[in-house]
1. At a Förster distance of 51 Å, what's the computed FRET efficiency of Arg309 paired with Gln282, Cβ-Cβ distance as r, to 0.05?
2. Please label the shape of the range 35-86 as rounded, prolate or oblate, based on the square roots a ≥ b ≥ c of the eigenvalues of the alpha-carbon gyration tensor (a/c under 1.5 means rounded; beyond that, a/b larger than b/c means prolate, else oblate).
3. Separation between the Ala144 and Tyr32 pseudo-spin-labels, each 7 Å from Cα along Cα→Cβ, expressed in nm?
4. I'd like the FRET efficiency for Lys239 and Ala209, computed as 1/(1 + (r/R0)^6) with the beta carbon distance as r and R0 of 45 Å, rounded to 0.05.
5. Relative to the Cα centre, what is the charge dipole magnitude of the range 304-406, using +1 at the beta carbon of each Lys and Arg, -1 at the beta carbon of each Asp and Glu, and rounding to the nearest 20 debye?
6. Which length gain, in nm to one decimal place, applies between Arg152 and Ser347 when the Cα-Cα distance is subtracted from 0.36 nm times their residue separation?
7. Order the peptides 54-67, 360-373, 146-159, 312-325 from the highest to the lowest mean number of other Cβ atoms within 10 Å of their residues.
8. Order of 377-385, 337-345 by packing, highest average Cβ count within 10 Å first?
Amino acid sequence: ALKASAQDAGESCTPEAEGRPEEPCGEKAPAYQRFHALAQPGLPGLVLPYKYQVLAEMFRSMDTIVGMLHNRSETPTFAKVQRGVQDMMRRRFEERNVGQIKTVYPASYRFRQERSVPTFKDGARRSDYQLTIEPLLEQEADGAAPQLTASRLLQRRQIFSQKLVEHVKEHHKAFLASLSPAMVVPEDQLTRWHPRFNVDEVPDIEPAALPQPPATEKLTTAQEVLARARNLISPRMEKALSQLALRSAAPSSPGSPRPALPATPPATPPAASPSALKGVSQDLLERIRAKEAQKQLAQMTRCPEQEQRLQRLERLPELARVLRSVFVSERKPALSMEVACARMVGSCCTIMSPGEMEKHLLLLSELLPDWLSLHRIRTDTYVKLDKAADLAHITARLAHQTRAEEGL
């Protein structure tokens, strides 16, 4: 209930939830939007901001509705698509969101203003202009009309997500260039964002211009009506319209006072940062910054398999202590892999499955073959441990190996 109320408050108050530009609001965005990237499960990667993921979901819903209308030879209009997307997402969908989709993926649709389109809607006339949406598809080999099939929907969805990632990469590249020292990471090697890069603070996508209905002349004042219908009305009606035009033009005289606009308060200058590094050698600071930049560069170009290996390496010192205590309590020179994993799963504070625990033991035997050895006997694998070895020396070797691989 608390999450639902926070979501309702976010939709009514925050522009990110609806894809609108920022507007003055009494409260800032909810925490589940501001820290959305930090709450993503799994390994760190190129996570999209919350508002970009909402836009990707809007594109998926819009493509689904447009595909249904297009495949049954019905003209997709914005009114039909808007109603369908809002029913699917339970979220407002406006022309500004369509403009954002056009900015990200301009080759997805062709937009036009057309008349004589069936509306099936009360209060709408066929003579009114409507924004029509036509999906841009490749022609079939046999010359038949192209259909927006499920495979094409999936392909277009993947292209849209990739273009969103490229858009965030541009802001990430500008952020890296603003660092001291500046960092340059090849885009094909980037696997995660910089630790200090706030993904959810990336600016919103500017909407592209959509076709507008042609401007038609509208008569808004009595003077315009009089000039247009001077030859079609009686002299008495012409005189009444002339008097009305004079009365309506009187209040808008040049000398009429106008309410004074409130003065814009001056921007508050940023506070100067305290000199906390006074007395520290500049050469030392440069070396520290260069080392930190090298470490962050290694983190951003690290593959997911290497990231998973590092996470296992960080757990090995604790698992080594647990494994030694298991062997001491069992009073056996060797244990089967199944028994050892079951004992360690029940004794370790980290929740892991027996299969994941076996992978940790295999890695432990790979790094410390003189301390932990594996013996294959028939169909079973047995684990043998050197209980006489110094455990402090074992954990120090594991910590050294972890630091060495973190610097790669």
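1. Numbers: r = 37 Å, r/R0 = 0.73.
Calculated value: 0.85.
2. Details: a/c = 4.87, a/b = 2.92, b/c = 1.66.
Prolate.
3. With each label point 7 Å from Cα toward Cβ, the separation is 4.4 nm.
4. Efficiency computed from Cβ-Cβ geometry: 0.45.
5. Details: 15 positive and 15 negative charges, 86 e Å.
Dipole about the Cα centre, nearest 20: 420 debye.
6. Gain on extension, Arg152 to Ser347, equals 65.2 nm.
7. The peptides rank, most packed first, as 54-67, 312-325, 360-373, 146-159.
8. Highest-to-lowest ranking by the protection proxy: 337-345, 377-385.
Only the coordinates and a few stated rules stand behind these numbers; no lab work does. Because the structure is a prediction, the values reported are computed rather than measured. Every residue, glycine among them, receives a Cβ derived from its backbone with ideal geometry; neighbour counts consider all protein chains shown.
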